[in-house]
Structures are given as structure tokens and as C-alpha cells.
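Asks: Handing you a structure now.
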Amino acid sequence: MNYIVFDLEFNQGYNFGKETENKSNPKCPFEIIQIGAVKLNENFETIGALDVLVKPEIYTKINPFVKEITGITMEDLNYGKSFKEMYDELADFVKTDENVLSVWGVADITELFRNIAYHGLDASIIPTSYINIQSYASKQLGCKKGINIGLGNAAKLLSIPIESEFHNAFNDAYYTAKVFKLIYNEDIKTKVYDPYKPMKVRRLATPNYKIDFVSLSKQFEKMFDREMTKEEKSIIKLAYIMGKTNQFQTKNIDELSTKK
């Protein structure tokens, strides 16, 4: 059995004002622009690696917040491979008897299958068995229930030397593999992902307001009584944009219980 530890970077639509070519597509709100993967055998030895930039076909301009966080530019992506070419490489990479996807959060698996479906490709070659390493790392590192630790903080707490920047798909896959090796125990079990479960992204009709991110960052600084770092400001901006897709909404359990 092999573990396919992988990570993705995405591009997404955003408001260009009067321009509409990068308008968000609900069928694929997050377009893969980079995949990084490390293949580990059952002894946690690295037996393969994959690092591919993907030229976008849906959102043909890089979202400025994505560019700021990842450092990826359109010039980089214009030299990237098509999604189908990347997928062919990924198919070769996972072509063994048994593989388990190993990820830092299940969202990357969801978006991988969503991108595959958008391009009309055969998803049956992708394993559906997976391990959410972030969830197990959060528990082992003492996070409160419902709180997931970030990859960078997990690496630091586990004394993993930080030699490369985060928010790069291959680097993040590399560090995720490092964390996985250190926290692995017999209590870690695989789950099965259902790629045919409806993946709905609902949008609410809202006025086209422009968010004052400078004031928003200052409000966070006031709340936490400290200056936000450049990375934290970028995360705040990206979190707002991702939140508008409603991709991460869940049903309110308390509300549901009152309806019974």
C-alpha cells in the first residue's frame, strides 16, 4: 500500500468591476493551478514525487490574493500544462494496486474531483480511500475539539526544519508527509470519500459592494491588540472571498433540532 500525500493551489474568480471574463463559475469555483504530491510506501519511504503547474482555462487572470499568497503569476501559469496533461501525469503517479490519498483537510479531495468532473475526465482512476492528516495532527497536538491546526504550526510544534515557503502545493505536500510520518499510529484509519455526493455551491444575491480590506485588517488588529502580519492580512482577504462562495457552510445543528 502507498500513501499519496498531495496538496493543491487554486485560482478563483473575482470582481473586475465592469469586466466579466473572470466571473466565478459555480460548477468549478476553485480551479486547480498547481498540484504537488509525495508518494510514500508502507514504510513511509518516499518513492515518488509530482509537481505540476496547470494553465487555467476557467479563470484566465490570476486572482490578486492568490498571487499574493502563493507567489504564482500568470507568466508562470502560461508555461503550465493543460489540466488533461496534468491529469495524465497524476494517473501514472497513482497507478498501483492500492493507494490512499493523504491530505491536509478534505477540501483538496473535493476540489480535485470537482475539477475532474468539470473537464469531463474519468475519475475512477483516483483512489477514494483517504486519511485527513490535519484532523489527526490537531488531536495529537492538543487542539480543542472542532479546531484544526495549520500546517505551518504543526510543523513547528513537531520541530520539522522549515526550509521552503508554505502555500506552494509541492512544499505543502512535502511538509504534510513529514508531519504524517511523525504522528502516524495504529489509531489512524482510512475513510472513503464519495465523489458522487452532490457538491453544491450556492450563491446569495447580494449588492456589488467593495470591501475595505484596510479597515477590516485594522478591526482585527484592534480586536487582537496587535498588528497583523502581511500573511495574516492576505489570509483575511482570501477567507472573505472564499466565504462568499458558501462552499464551507454547514447546517446549523441547533436550528435543525428546533424543527423536529
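The values are calculated or read from the model by the stated rules, or taken from the named source; none is laboratory data. Source: prediction; values computed, not measured. In this analysis, Cβ positions are derived from the backbone assuming ideal geometry, glycine residues included, and neighbour counts consider all displayed protein chains. Accessible surface areas use protein heavy atoms only, side chains included; no ligands, DNA or RNA. Shrake-Rupley method; radii C 1.70, N 1.55, O 1.52, S 1.80 Å.
Asks: Apply the Karplus curve 6.51 cos²θ - 1.76 cosθ + 1.60, θ = phi - 60°, to the phi angles in the stretch 142-156 and return the couplings in whole Hz, x for Gly and Pro.
Replies: x, 6, 5, 4, x, 9, 9, 6, x, 4, x, 5, 4, 4, 5
Asks: Compute, for Ser215, the solvent-accessible surface of its heavy atoms (probe 1.4 Å) with the complete set of protein chains present, and express it in square angstrom to the nearest 10.
Replies: So the heavy atoms of Ser215 present about 60 Å² to solvent.
Asks: Continuing with this model, one more query. So who's got an amide H within less than 5 Å of the one on Ile149, skipping anything under 5 residues away but keeping other chains? H placed 1.01 Å off N, in plane.
Replies: Amide H neighbours of Ile149: Ser138.
Asks: Same structure again: Please report, in debye to the nearest 20, how large the charge dipole of the stretch 1-155 is about its Cα centre when each Lys and Arg carries +1 at its beta carbon and each Asp and Glu carries -1 there.
Replies: Using Cβ point charges on Lys, Arg, Asp and Glu, the stretch 1-155 gives about 700 debye.
Asks: Still on this structure: First check a/c for the stretch 80-144, with a ≥ b ≥ c the square roots of the eigenvalues of its C-alpha gyration tensor; if it is under 1.5, answer rounded, and if not, answer prolate when a/b is larger than b/c or oblate otherwise.
Replies: prolate
Asks: Quick one: putting +1 on the C-beta of Lys and Arg, -1 on the C-beta of Asp and Glu, what dipole do you get for the stretch 73-146 around its Cα centre, in Debye to the nearest 20?
Replies: Around 600 debye, computed over the stretch 73-146.
Asks: Short version: ³J(HN,Hα) in whole Hz for each residue of the stretch 47-60, in order, from phi by Karplus 6.51 cos²θ - 1.76 cosθ + 1.60 (θ = phi - 60°), x for Gly and Pro, what are they?
Replies: So the J values, rounded to whole Hz, are 10, x, 8, 9, 8, 9, 8, 10, 6, x, 10, 9, 10, 8.
Asks: Shape verdict for the stretch 1-157, please, from the Cα gyration tensor: rounded (a/c under 1.5), prolate (a/b greater than b/c) or oblate. Display every interim value, and only then the final one.
Replies: Working: a/c = 1.94, a/b = 1.33, b/c = 1.46.
The shape class here is oblate.
Asks: Okay, moving on. Going by a ≥ b ≥ c, the root eigenvalues of the Cα gyration tensor, does the stretch 1-78 fall in the rounded group (a/c under 1.5), the prolate group (a/b larger than b/c) or the oblate group?
Replies: Numbers: a/c = 3.45, a/b = 2.56, b/c = 1.35.
Since a/c reaches 1.5 and a/b is larger than b/c, the shape of the stretch 1-78 is classed as prolate.
Asks: Would you work out which of Ala91, Ile133, Phe65 lies farthest towards the positive end of the dipole of the stretch 42-142? Charges go on Cβ: Lys and Arg +1, Asp and Glu -1.
Replies: Ranked along the dipole, the leading option is Phe65.
Asks: Okay, next question. Counting only protein chains, not ligands or nucleic acids, how are Ser135, Ser234 ordered by accessible area (probe 1.4 Å), most first?
Replies: Result of the area sort, largest leading: Ser135, Ser234.
Asks: Among DSSP bridges having both ends in the stretch 1-91, what percentage is antiparallel? Round to the nearest 5.
Replies: Values: 17 of 18 bridges.
About 95 percent, rounded to the nearest 5.
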